[in-house]
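Participant: This is the structure, below, for whatever I ask next.
The values are calculated or read from the model by the stated rules, or taken from the named source; none is laboratory data. The shown structure was predicted, so the numbers you read here are calculated from the model rather than taken from an experiment. We place every Cβ from the backbone using ideal geometry, glycine too, and count neighbours over all the protein chains shown.
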Amino acid sequence: MAQFDYFMGGTTAKGYVQFYDNAVEQLDHVIYLDGGFTTIISPLLERLANDYSSLTAVETVRSHLMPTCFEAVILPDYRIGIFDRTKMQQKRLSLPGLKEHLIYFGDGYEFNRLNQHHQQLLDLKKTIHDIHYTAIQHFERALDNHEKVESVYSDYLNIRRANEHTNELLDALLKDKQQDRVASVKHRYLGAATPDGPVDYVLDLTEDIKNRYFIKGRSGTGKSTMLRKIAHEAHDRGFDVEVYHCGFDPGSLDMVIVRELNFAIFDATPPHQHKPARQGDLIFDVYERFIDGHPDALHREKLIKYKQMYQEEMAEAKTQLTKLQEKQQEFETIYREALSETFFEESYHRVRHWVEEAKPYAPL
């Protein structure tokens, strides 16, 4: 069965930005695992994903801070999701017991063991907050330099020609197809800045897509704008759309997938640089199609300066994420050692039981 990995939350130049609310809105049954942390919740989610991977499609949401760990498991065919609620915007349950179920891991910790580390936990919590804030500041400064690079190229953007080529591409992708239905839009990240550097799942997410368009071009040459237009048009015509935001600047788009029409179109430039590798893969170079003149040559020194400053800030941000990961793991180790193994096993079986109860009510 198909299994997809992606991110739904990340530390970006706009702070911590997540799209979990969008996922919950499109599910019929949700279970929240609250009061835990990544290294505590992830083993439960991994077991659950393994349990169902041979039975149905499974979507696993990765942690940007610990990319080998899971933050959520979604079973799309059953319209069921299991989420680490600590990564989400905390909201009141709307239909508790019917749509939502809650397991609180706070009930599974041994108070005396935690209390022995009371001051250490408080100190770690403050340190984690401060490091996270510093990382965001570096991402903000990196974005400022990135936008300066974009402004150089955007001055040479031929908007009329960009619109013409985008409309031609829309005709090729959508033709005259239309459906009389209310379509969905799923918001996600295809990649993220992590302590190990940039990580993306572009090729995995598009593995079963027949037609893949690899967008090439510099910053500020119209890639995100084109993707936004394609996403809007496909959605307006009644097709479900997967919209993948930039893990560095969430206001920008990196990929659009319309599985019903068997196409994916994505930014294939660094930090998620990919090349066509099979039949059905095509390059769409926006620099060649949309840009007038030769900004690379005319503004060479300025571009080198801005790009170098961008890279320096991104390197500092990565350093801070590494520190953040270390301190977060230290913090979580204390909680993990204070967690009752019996409570963990009971929680796992409660989740399995709940999924099995909800499955018969999944849409056909």
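Participant: Suppose we filter the range 285-317 for residues that are surrounded by fewer than 17 Cβ atoms within 10 Å (Cβ to Cβ) and within 27 Å of Glu168 (Cα to Cα); how many remain?
Facilitator: 6
Participant: So, in the range 69-109, of the ones that are of a type in the set (S, T, N, Q) and without any contact (Cβ under 8 Å) to a residue 24 or more places away in the chain, which residue ends up farthest from Gln328 (Cα to Cα)?
Facilitator: We begin by selecting, within the range 69-109, every residue of a type in the set (S, T, N, Q); these are 86, 89-90, 94.
So of that shortlist, the ones also without any contact (Cβ under 8 Å) to a residue 24 or more places away in the chain come out as 90, 94.
Values: Gln90: 20, Ser94: 31 Å.
Among those residues, the one meeting the criterion is Ser94.
Participant: Let me ask another. Being closer than 24 Å to Tyr310 by Cα and assigned to a helix (DSSP H, G or I) is the filter; apply it to the range 250-287 and report the residue that is farthest from the chain's Cα centre (by Cα).
Facilitator: Tyr287
Participant: Take the residues of the range 191-237 that are touching an Asp or Glu at 6+ places or on another chain (Cβ under 7 Å) and part of a helix (DSSP H, G or I): which is nearest to Tyr156 (Cα to Cα)?
Facilitator: Start the filter on the range 191-237 by keeping residues that are touching an Asp or Glu at 6+ places or on another chain (Cβ under 7 Å), which leaves 191, 201, 204, 212, 214-217, 219-220, 223.
Those still in the list that are part of a helix (DSSP H, G or I) too: 204, 223.
Values: Asp204: 34, Lys223: 14 Å.
Of everything passing the filter in the range 191-237, Lys223 is nearest to Tyr156 (Cα to Cα).
Participant: Name the one entry in Phe139, Phe70 that is touching a Leu at 6+ places or on another chain (Cβ under 6 Å) and closer than 21 Å to Pro250 by Cα. Before you say what the answer is, go through the steps one by one.
Facilitator: Working: Phe139 fails: touching a Leu at 6+ places or on another chain (Cβ under 6 Å).
After applying the criteria, what remains is Phe70.
Participant: Suppose the filter is basic (Lys, Arg), surrounded by 12 or more Cβ atoms within 10 Å (Cβ to Cβ), at pLDDT below 95 and over 26 Å from Ala162 (Cα atoms); does Lys359 pass it? Walk me through it before giving the result.
Facilitator: Numbers: basic (Lys, Arg): yes; surrounded by 12 or more Cβ atoms within 10 Å (Cβ to Cβ): yes; at pLDDT below 95: yes; over 26 Å from Ala162 (Cα atoms): yes.
It is true that Lys359 is basic (Lys, Arg), surrounded by 12 or more Cβ atoms within 10 Å (Cβ to Cβ), at pLDDT below 95 and over 26 Å from Ala162 (Cα atoms).
Participant: Part of a loop (DSSP other than H, G, I, E, B), within 27 Å of Thr206 (Cβ to Cβ) and among the acidic types (Asp, Glu), is that true of Asp77?
Facilitator: Working: part of a loop (DSSP other than H, G, I, E, B): yes; within 27 Å of Thr206 (Cβ to Cβ): yes; among the acidic types (Asp, Glu): yes.
Criteria met by Asp77.
Participant: Still on this structure: When the residues of the range 329-350 are filtered to those that are of a type in the set (A, V, I, L, M, F, W, C), in contact with a Gly (Cβ under 9 Å, 6 or more places away or on another chain) and part of a helix (DSSP H, G or I), which remaining residue is farthest from Ile82 (Cα to Cα)?
Facilitator: The qualifying residue farthest from Ile82 (Cα to Cα) is Ala338.
Participant: If we keep just the residues of the range 117-148 that are touching a helix residue (DSSP H, G or I) at 6+ places or on another chain (Cβ under 6 Å) and of a type in the set (Lys, Arg), which is modelled with the highest pLDDT?
Facilitator: Among those residues, the one meeting the criterion is Arg141.
This table checks each residue for (1) assigned by TED's automatic domain parsing to the domain that holds Gly197; (2) part of a helix (DSSP H, G or I); (3) surrounded by 23 or more Cβ atoms within 10 Å (Cβ to Cβ); (4) on the phi < 0 side of the Ramachandran plot.
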| residue | (1), (2), (3), (4) |
| --- | --- |
| Ala23 | no, yes, no, yes |
| Gly36 | no, no, yes, yes |
| Thr39 | no, yes, no, yes |
| Asn50 | no, yes, no, yes |
| Thr60 | no, no, no, yes |
| His64 | no, no, yes, yes |
| Pro67 | no, no, no, yes |
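Participant: Quick one: which residue in Arg181, Arg113 is more than 25 Å from the chain's Cα centre (by Cα), of a type in the set (D, E, K, R) and at pLDDT 95 or above? So that I can check it myself, show each step before the final result.
Facilitator: Working: Arg181 fails: at pLDDT 95 or above.
After applying the criteria, what remains is Arg113.
Participant: Would it be correct to say that Thr194 is closer than 30 Å to Ser63 by Cβ and either crowded, with 16+ Cβ neighbours inside 10 Å or not assigned by TED's automatic domain parsing to the domain that holds Glu260 (or both)? Give the steps one after another, and end with the answer.
Facilitator: Values: closer than 30 Å to Ser63 by Cβ: yes; either crowded, with 16+ Cβ neighbours inside 10 Å or not assigned by TED's automatic domain parsing to the domain that holds Glu260 (or both): yes.
Here the answer is yes, as Thr194 does meet what is asked.
Participant: If you don't mind, another one. Check the range 273-284 and report whether any residue there is buried (at least 17 other Cβ atoms within 10 Å of the Cβ), touching a Leu at 6+ places or on another chain (Cβ under 9 Å) and farther than 28 Å from Phe139 by Cα.
Facilitator: Yes, the range 273-284 contains at least one residue that is buried (at least 17 other Cβ atoms within 10 Å of the Cβ), touching a Leu at 6+ places or on another chain (Cβ under 9 Å) and farther than 28 Å from Phe139 by Cα.
Participant: Which one of Phe248, Phe344 is under 19 Å from Gly197 (Cβ atoms) and of a type in the set (Phe, Trp, Tyr)? Break it down stepwise before answering.
Facilitator: Numbers: Phe344 fails: under 19 Å from Gly197 (Cβ atoms).
That would be Phe248, the only listed residue that is under 19 Å from Gly197 (Cβ atoms) and of a type in the set (Phe, Trp, Tyr).
Participant: Please specify each residue of the range 116-170 satisfying the condition of being of a type in the set (Ser, Thr, Tyr) and under 28 Å from the mean Cα position of the chain (by Cα). Walk me through how you get there before you give the answer.
Facilitator: Taking the range 116-170 first, the residues of a type in the set (Ser, Thr, Tyr) are 127, 133-134, 151, 153-154, 156, 166.
Those that are of a type in the set (Ser, Thr, Tyr) and under 28 Å from the mean Cα position of the chain (by Cα): Thr127, Tyr133, Thr134, Ser151, Tyr153, Ser154, Thr166.
Participant: Only residues that are surrounded by 16 or more Cβ atoms within 10 Å (Cβ to Cβ) and not in a helix (DSSP H, G or I): list them for the range 95-139, please.
Facilitator: The answer is Glu100, His101, Ile103, Tyr109, His117.
Participant: Does any residue in the range 220-244 that is at positive phi come within less than 7 Å, Cβ to Cβ, of a residue that is of a type outside the set (Asp, Glu) and assigned to a strand (DSSP E or B) six or more places away or on a different chain, and which pairs are these?
Facilitator: Matching pairs, first to second residue: Gly222/Leu157.
Participant: Continuing with this model, one more query. Which of the residues that make up the range 238-249 are of a type outside the set (Phe, Trp, Tyr) and not in a loop (DSSP other than H, G, I, E, B)? Before the answer, list the steps.
Facilitator: So the first thing to find is which residues in the range 238-249 are of a type outside the set (Phe, Trp, Tyr), and the list is 238, 240-243, 245-247, 249.
Correct list: Val241, Glu242, Val243, His245.
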